Amino acid sequence: MKALYPGSFDPITNGHIDVIERITCLFNEVIIAVLNNNDKSNLIPLEDRLKLIKESTGNIKNISIESFTGLTVEYAKKRGANAIVRGLRAPSDFEYELEMSQINYFLSKGLETLFIMTNPKYSFIRSSRVKEVVNLGGDITDLVPKPVHKYLYQKMGIK
Ligand code: PNS
């Protein structure tokens, strides 16, 4: 069975890594699918996001790291995924994720979205917050993988 784990990953965090590790125990293959939406809303260019995911998941087996454009369900279908997987950090994520899973189910005529509850250790981590902390000079050491830590501080010209 193959899972598609889609997201912006701007950047990948320790919360994402935890989800990836856990879903690789449940599926034979996990495709980490990075949305390439060209709307310039991401801080990190697509190629760098892909590279950071690769560097941060080097020890995890049975994954592939890919980018996609357009609808997630179309990409899932193209790649033969059996399910989409998303992490849920808190009840505040639920409303957005519920709606997204329902439109995806409708569009795909039946592709399931499965949710995995974030490890409480990571439930407060989101990519946007990580960038804000770096920008304001805070310490993100325990929030992101090492390559991301190095990249962000260099990009912001802080260390
Ligand atoms: O990491 P994110 O930003 O929470 O991920 C959101 C993502 C990429 C999964 C979502 O925006 C998405 O699936 N975008 C692709 C377009 C799409 O299929 N939208 C849903 C139907 S309109």
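The values are calculated or read from the model by the stated rules, or taken from the named source; none is laboratory data. Values in this document were obtained by computation on a predicted structure and should not be read as measured data. We place every Cβ from the backbone using ideal geometry, glycine too, and count neighbours over all the protein chains shown. Each accessible area value is taken on the protein alone, full model and side chains, heavy atoms only, with ligands, DNA and RNA left out. Shrake-Rupley method; radii C 1.70, N 1.55, O 1.52, S 1.80 Å.
Against the definition (in a loop (DSSP other than H, G, I, E, B), more than 16 Å from the ligand (Cβ to nearest atom) and open to solvent by less than 90 Å² (accessible area, probe 1.4 Å)), how does Gly70 come out, yes or no? So Gly70 does not fit the description; no.
Counting the residues of segment 35-65 that are within 21 Å of Val144 (Cα to Cα) and within 13 Å of the ligand (Cβ to nearest atom) gives 8.
Checking each residue in segment 100-122 for being in a helix (DSSP H, G or I), farther than 20 Å from Phe9 by Cα and without any contact (Cβ under 8 Å) to a residue 24 or more places away in the chain picks out Gln102, Ile103, Tyr105, Phe106. Residues that are in contact (Cβ under 8 Å) with a residue 60 or more places away in the chain and loosely packed, with under 12 Cβ neighbours inside 10 Å within segment 129-142 comprise just one, Asp142.
Scanning segment 24-42 for any residue that is more than 18 Å from Glu112 (Cα to Cα), assigned to a strand (DSSP E or B), in contact with a Ser or Thr (Cβ under 7 Å, 6 or more places away or on another chain) and modelled with pLDDT of 95 or more turns up at least one such residue.
Here Tyr96 meets each of (1) of a type outside the set (Val, Ile, Thr); (2) open to solvent by 90 Å² or more (accessible area, probe 1.4 Å); (3) away from the ligand (no atom under 11 Å from the Cβ) with one exception, condition (3). Scanning segment 75-91 for residues that are free of Cβ contacts under 8 Å to residues at least 40 places away in the same chain and either in a loop (DSSP other than H, G, I, E, B) or open to solvent by less than 90 Å² (accessible area, probe 1.4 Å) (or both), we see that the one that is nearest to Val19 (Cα to Cα) is Leu88. Only one of the listed residues (Leu4, Leu43) is out of contact with any Cys (no Cβ under 6 Å at 6 or more places or on another chain), in contact (Cβ under 8 Å) with a residue 60 or more places away in the chain and open to solvent by 60 Å² or more (accessible area, probe 1.4 Å). That residue is Leu43.
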